[in-house]
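A short reminder: the numbers here are calculations on the coordinates, not readings from a lab. Here the structure is a predicted model, which means the values were calculated and not measured. Cβ coordinates were reconstructed from backbone atoms using ideal geometry, including for glycine residues, and neighbour counts include every protein chain displayed.
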Amino acid sequence: MPLTASPAAHPRIRFDRNELAGAFGDLGTDLPLLIGIIAASGLDSAGVLVVFGLLQVFSGLWYGMPMPVQPLKAFAALVIAQKIPGRIIFGGGLAIGLSMLVLAATGLIDALARLIPKPVIRGIQFGLALQLATLALKEYVPADGLPGFALAAAAFLITVVLLGNRRWPAALIVIALGVAYALIFKLDLATAQRAVGLHLPGFHIPQRADILTGALLLALPQIPLSLGNSILATRQVLADHFPERKITVRQISFTYACMNLVAPFFGGFPVCHGSGGLVGHYAFGARTGGSVVLYGALFLVLGLFFSQGFAEVVQIFPLPVLGVLLLFEALTLAALLRDIITSKADLTVALLVGLLCAGLPYGYLVGLVVGTAGYYAMQRGWVGLGK
């Protein structure tokens, strides 16, 4: 039975309540990362938010599918941990944009796509699911103590009951619950008033030294994760949900490269596509690029008019609600294992790759290499687990 409806059922752009609900499917991943990045690096929040929003709009219009843009996760982790300054971030963004452009232009990305088997891709997705679920359950859901647990339980029940409901999209009801909670228990009017005001991004020209430093410190650790999750796993999710569109890894690599060749000049943080974001939008109802355009519009408004107090204002939104959204994104990613579950060998490879990705430093690189080698060893009979 096909995973999707006919192409006629999927216009490229649509704006309705389901697209709006889907627009919140990746909020639990992106928002805390952006807050941490801005706080750690001192980047201008207007530049980060406006560019992030514009790239969402570009991706939604270009692909006509729920193909959102996400901050580069390895980049973000290093920036937050080491408080890397903006000039190095912009240099690293250009470096990874150039690297991905070379892979796309030369066709090397196609060779990698042919080499890396489906069970390894499923394992990468499973590893990301484990990381997202851990983050949701350990960091977000307990964040507000007992009231937060009660709020998360209510949001979880609402999502279970309404997930897949096209008339009453689950994400909209859950977000409305979170907004109501924030307005009643957390809103500080003085802080909100200080945050309001028009603020435009600045212009930056990365220097050669910053590009080289950014390439070594930030781009190199990011490339394995990008190859696995941003390119190969995203192409697989598109094949699962939109088989009629035939999007290639080269196309995904090209837009990935273009975004990062533009963003640094306007103060934007380096970005990628990602299977988790795509699954999050799809799980909560999105079927066109409209959800991504709406998501981008949210960040444009925040960047242009609320960036002066962005970190303080957005923290009034309850993390337990974001945790529930993140948990369902993780569950949807993990469920993609279902199409290899009948093969013992394929499932073993996927589970091994997932555990390596989630549990080790540079786990996505280790999982990619070990999983691919293990898969071909089984194919040649060097290791036998049965079918």
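Quick notes on this structure:
- Stretch gain in nm, segment F15-T342, where the contour uses 0.36 nm per residue and the Cα spacing is subtracted: 113.9 nm
- Solution diffusion estimate, µm²/s, Stokes-Einstein, the range 143-250, Kirkwood Rh from C-alpha pairs, 10 °C, viscosity 1.306 mPa s: 82
- A dipole drawn for the chain from +1 and -1 charges on Cβ atoms has a positive end, and of N260, V50, Q125 the residue lying farthest that way is Q125.
- Choice from I35, I252, I205 with maximal GNM fluctuation in the chain (Cα, 10 Å cutoff): I205
- Remark: relative contact order (the chain) = 39 percent; criterion is Cα-Cα distance under 8 angstrom and separation of 6 or more residues.
- Alpha-carbon centroid distance for the pair the range 113-162 / the range 322-340, whole angstrom: 6
- Under 5 Å, built H, 5+ apart or other chain: amide partners of C272: Q70, L72
- When the listed pairs K73/K118; K83/K118; K83/K138 are checked against a 26 Å cut-off, the alpha-carbon distance exceeds it for K83/K118.
- Seen through its C-alpha gyration tensor, with square-root eigenvalues sorted a ≥ b ≥ c, the chain comes out oblate because a/c lies at 1.5 or above while a/b is not bigger than b/c.
- Between L128, L183, L163, the Gaussian network model of the chain with springs among Cα atoms under 10 angstrom shows the greatest mean-square fluctuation at L183.
- For the range 75-138: rounded, prolate or oblate by the Cα gyration tensor [a/c cutoff 1.5]: oblate
- Three-way shape call for the range 190-343 based on the alpha-carbon gyration tensor, with the a/c threshold at 1.5: oblate
- For the range 238-277 versus the range 279-312, the gap between their alpha-carbon centres in whole angstrom: 16
- Adding -39500 (n - 2.57) for every DSSP H run of four residues or longer, then dividing by how many residues the chain holds, sets the calculated 222 nm ellipticity at -20500 deg cm²/dmol.
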